[in-house]
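Beneath this line is the structure, given in C-alpha cells, with notes to follow.
The values are calculated or read from the model by the stated rules, or taken from the named source; none is laboratory data. What you are looking at is a predicted structure, and each value in this text was computed from that prediction instead of being measured. Cβ placement follows ideal geometry from the backbone for every residue including glycine, while neighbour counts extend to all protein chains displayed.
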Amino acid sequence: MLSLKEESRRNQIDGFYVKLEVQDTTQNFLIDTGASITVIRREIFQGIAEGNRPCLERTNESLCMADESRIPVVGWAMFSLKIGDFATKHKVWVADIQADGILGCDFLTRYECQLDLGRGELRIANELIRCLAEHPAENSCQTLNRITVCETFSINPGQEVIVQGKLKNPLKEGEVIVEPYEKFTKKYSVMVAKVVASPQSQTVPVRMINLDSVPVTVYKGSTAATCEPVEEVTAVELDGADLEVAPGHQIELSSHVLPLYQSTKESLDENQKTLVLSLLKKHEGVFARNKEDLGRTNIVKHKIPTKDVPPIKQQARRLPLNKREEAAAEVSSMLKRGVIEPSQGPWASPVVLVRKKDGSTRFCVDYRRLNDVTIKDSYPIPRIDDSLDTLCGSSWFSTLDLASGYWQVEMDEPDKEKTAFVTQSGLYQFCVLPFGLSSAPATFERLMEKVLSGLQWQTCLVYLDDVIIFAKTFEEHVARFDQVLTRLKSSGLKLSPKKCHLFRQKVAFLGHVVSKDGVSTDPTKVAAVENWPRTNCVRDARRFLGLCSYYRKFVKNFTHIARPLHRLTEKGKQFLWTEECEKAFNELKHVLTSAPILAFPTPTDKYILDTDASSDSLGGVLSQVQGGEEKVIAYFSKSFSKPERRYCVTRKELYAIVASVKHFHHYLYGAKFLVRTDHSALRWLLTFKNPEGQVAHWLEVLALIIMK
C-alpha cells in the first residue's frame, strides 16, 4: 500500500503548485510533503501523445488518502520531468487523483529540493522556481462548506443519480444552496445540479448526471459540490423565456465560445442544448480566444529535405512605399506571436504582398526556388469522393476548422533556416510551418491523421485542416464530438470558433452540402458559376470549365453539354464565340444551379447502371432503389477521342458500358447490378467466338464484374 496524504493547509493557502514539463506537456503539480510518491492523474497520462507516452508498468497497488480511503493505482512509468532548467527521469505513478499531479517527498528528497513556504519558492539544482498558490479569493471552495461523496460509485453515460454527500462542517438546521465544484465537473465530466436542500446532520443529497460517453467512477472522498446557508427561499413563477435557458443556467461559457453555442442551439431541444453546453464548457480551451491564441504541437514536425545544392539566397524585392508599413506591422505581429524569429542562416527568400478581394493585403513568402530543390513528400491526401461516400447513413454533423492550422505545426530545428525571408528590417525564419512550401499539405495531413488515429473514417473525416464529425444519432454524435476534441486538446491544437459548425443536420464540407438525404452542390460555390461573365479568351474558358467540372458528377451528360466550350480550348483553334457556345455556357449554368441531391451509396442495395452514347461522347448514370425510390448516386461522362468517334454506333454503346463500369468500379466490384442499355451492344459482344485485342480487353473488364 502506498501513502499519499494531502498537505495540511497553512495560512488559508490551498496548496503550492509548480509548473512541470511532463513528456513535453506542461502541467501544474501540487507540492505535497505528506506524499511518499509522485503521482500523475490518469486523464493527463492518457492525453499524452501515443508516440511520447511512456510504457506503463501495471500494478495492483492502491493509494492511501488522508481520510484513510483508498484509490486504485493504474501503474507506474519512468517520466521525463523538467522544472525550470532542471530535467530528469523519475518514477511516477498513475492514478485517479483530483490534481493534475502530485510532487511527492520521493522527488523532493532525491533532488535535495528546498521549499520556502513563506516566500512560495522552490529551489532545485541552485535554481529558484516561483510556485503558484491558490488563495481563498481564487477558490471559493475555501470559504464555502465542502461536500464530499460518501461512497465510491459508477454512473453510466447519460444516467442521473442522487448520492449522499458528507459536509465538511456540520450544520445545525436550515436550508442550503448546493452548487457544483468546478474542479469536480472538469475532472469527471459529471454535471452537479444547483439546488436548495435540507441537510440531515452531516449529510446532504447531491444530484448529478454523467455527460460523458463512457461510464464514470467517482471515488469516495471526492469533493463534488459546495454549499452555504440561505436566509430565505422564495418561490418564483417562470415564463417560457425563463424556461428556455434553465437547463444551462449552471454553466457559464467564455465569451469566445458563447457565440458558437448561440448559433448551435437554434435547432436543438432542451436536453440537447444542455449536453452541448456542457461539452463546450468542458472543451472551451480547445477553441482559440483570438488570433494571437495559437495552438502548438510537435507530434509531427515539418522537415525540408533538399537536394545536394548550396543554400539559395535571394535579394529583397522593393515594396511600394505605401505597403512598407503594412509589411513591417505583419513582421512585428508574427514576432510577437512566436511565429517567426530572427535568422542568421545562409538561406533567404523574398517577400511578396498579394492584394485580396476585400482590398486588404496578404503577406507571403516566395518559396518557388526553395521548392525546386526540395525532395517532395508523397504522403497521400484523401480523395474527396471517398470522403463524401463515408458519410452514408449519418444524420448529425459537425465541421471543425483549425485556427491558422499551419502555424500550429512546429518546424524541425535544422530546417528553420531554410524558411528564412528577407525584409527591410532584417532576416527572419519561421518557427512554425509557413504557407507556400511544397510539402506542407502532406505534413499537415500526416499530423491530423496521427492525432485522430483510430477515429479517421469511422468517427470523423480529415481533409487537411477541415474535419467533419458524423453520426447516425445525436447521442452517438455527442460521444464522437467528445472523442475528437479530447484528441485535439491532448495534441495541443486549437480550433477557430468562428469557422466551426456544430450539431447540424446539414453542413457544407469540401465544397459540397451534406445531409442525411445525400450530397448536393454548395450554393456559395455555384453562385460563382451563375455570376460568371461571358468568356472572351481561352484562359477564361478553361477556368470556367474547371469550376464546372468540380461538380460534373451532378450533371447528366456533362461532357456532351460542355463540348462546344471544350472545342474553344483546343490547341491551334481560333477563339470564336458562337451561338452554340452561348447555349452550352447558359445550359451549364442552369444545370449546376438546379443540380439534384445525390444519394449516398448503400452497399446492401443493388446498383443500376444506365449507359448511353452519342456521336462525340458517352455517359453513365449510377443509381439505387432506396426505400422503394430510385435515387441517383452519380453521373459520369467522357468525350470520344478522334479514333473512338469512328466507332460504329453499337461499338460506341458497348464502350459506354465498359467505360462506365471502369469509372464506377469502386462501387460495382463484387456487387450484383443491373445494366440498362441498348441490348444490341451486348449481343454484338457475345457474337465473338475468339475475341482479340480491344474486344478481349473489354470482355476481361466485364468478367471481373457481376452483371444482370
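Scan the helices (runs of 4 or more DSSP H) fully inside the range 474-587 and keep the ones with 2 or more residues being among the acidic types (D, E).
The qualifying helices (runs of 4 or more DSSP H) are 474-491.
I need every pair where a residue in the range 645-669 that is under 25 Å from T602 (Cβ atoms) has its Cβ under 8 Å from the Cβ of a residue that is buried (at least 22 other Cβ atoms within 10 Å of the Cβ) and among the aromatic types (F, W, Y), sequence separation at least 6 or different chains.
A659/F636; S660/F636; H663/F636; F664/F636
Cβ-Cβ distance below 6 Å, separation of 6 or more or different chains: which pairs start in the range 423-450 with a residue that is farther than 14 Å from D366 by Cα and assigned by TED's automatic domain parsing to the domain that holds M334 and end on one that is in a loop (DSSP other than H, G, I, E, B) and among the basic types (K, R)?
S439/K376
Checking the conditions here, which among Q456, Q483 is without any contact (Cβ under 8 Å) to a residue 12 or more places away in the chain and either within 30 Å of E21 (Cβ to Cβ) or hydrophobic (A, V, I, L, M, F, W, C) (or both)?
Q456
Cβ-Cβ distance below 7 Å, separation of 6 or more or different chains: which pairs start in the range 561-582 with a residue that is assigned by TED's automatic domain parsing to the domain that holds C548 and end on one that is in a helix (DSSP H, G or I) and of a type in the set (F, W, Y)?
Here the result reads L565/F585, each pair linking the range 561-582 to a residue that is in a helix (DSSP H, G or I) and of a type in the set (F, W, Y).
Take V236 and decide whether it is β-branched (V, I, T), assigned by TED's automatic domain parsing to the domain that holds R146, farther than 17 Å from R146 by Cβ and modelled with pLDDT under 80.
In short, no.
Quick one: V373 ticks every box in (1) surrounded by fewer than 20 Cβ atoms within 10 Å (Cβ to Cβ); (2) farther than 19 Å from P346 by Cβ except a single one, so which number is it?
(2)
Just to be sure, is K642 touching a residue at least 24 places away in the same chain (Cβ under 8 Å) and out of contact with any helix residue (DSSP H, G or I) (no Cβ under 6 Å at 6 or more places or on another chain)?
In short, no.
Scan the range 440-460 for residues that are in a strand (DSSP E or B) and modelled with pLDDT of 90 or more and report the count.
Final tally of qualifying residues: 1.
What helices (runs of 4 or more DSSP H) lie completely within the range 305-413 and have 3 or more residues being within 30 Å of V513 (Cβ to Cβ)?
Answer list for the range 305-413: 384-389.
Could you tell me how many of the residues in the range 309-318 are modelled with pLDDT under 90 and within 22 Å of L437 (Cα to Cα)?
Residues meeting the conditions: 3.
Can you say whether E121 is modelled with pLDDT of 80 or more and over 20 Å from V218 (Cβ atoms), as far as the supplied structure shows?
yes
Can you go through G47, G51 and tell me which one is in contact with a helix residue (DSSP H, G or I) (Cβ under 6 Å, 6 or more places away or on another chain), in the same structural domain as Y111 (by TED's automatic domain parsing) and at pLDDT below 80?
The unique qualifying residue is G47.
Could you please find all residues in the range 21-34 being out of contact with any Asp or Glu (no Cβ under 8 Å at 6 or more places or on another chain) and not in a loop (DSSP other than H, G, I, E, B)?
Matches in the range 21-34: E21, V22, T25, T26.
I'm told V555 meets every condition in (1) within 41 Å of the chain's Cα centre (by Cα); (2) free of Cβ contacts under 8 Å to residues at least 40 places away in the same chain except one. Can you identify the failing condition by its number?
(2)
Report, by residue number, each residue of the range 94-128 that is more than 31 Å from the chain's Cα centre (by Cα) and in a strand (DSSP E or B).
Selection gives I102, L103, Q114, L115, D116, E121, L122, R123, I124, E127, L128.
Give the residue, chosen from I469, I381, that is in contact with a helix residue (DSSP H, G or I) (Cβ under 7 Å, 6 or more places away or on another chain), under 27 Å from I633 (Cα atoms) and either at pLDDT below 90 or among the charged types (D, E, K, R) (or both).
None of the other options fit; the residue is I381.
Does I37 fit the bill of being closer than 23 Å to K166 by Cβ, aliphatic (A, V, I, L, M) and either modelled with pLDDT of 80 or more or not in a loop (DSSP other than H, G, I, E, B) (or both)?
no
Is it true that some residue in the range 606-628 is under 23 Å from K506 (Cα atoms), at pLDDT below 85, surrounded by fewer than 21 Cβ atoms within 10 Å (Cβ to Cβ) and small (G, A, S)?
Yes: one or more hits.
Do we find that T306 is farther than 30 Å from T25 by Cα, under 24 Å from the mean Cα position of the chain (by Cα) and in contact (Cβ under 8 Å) with a residue 60 or more places away in the chain in this structure?
no
Each row is one residue, and each column tells you yes or no for (1) out of contact with any Ser or Thr (no Cβ under 9 Å at 6 or more places or on another chain); (2) within 29 Å of E530 (Cβ to Cβ).
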| site | (1), (2) |
| --- | --- |
| T602 | yes, no |
| L609 | no, no |
| D612 | no, yes |
| L618 | no, yes |
| K631 | no, yes |
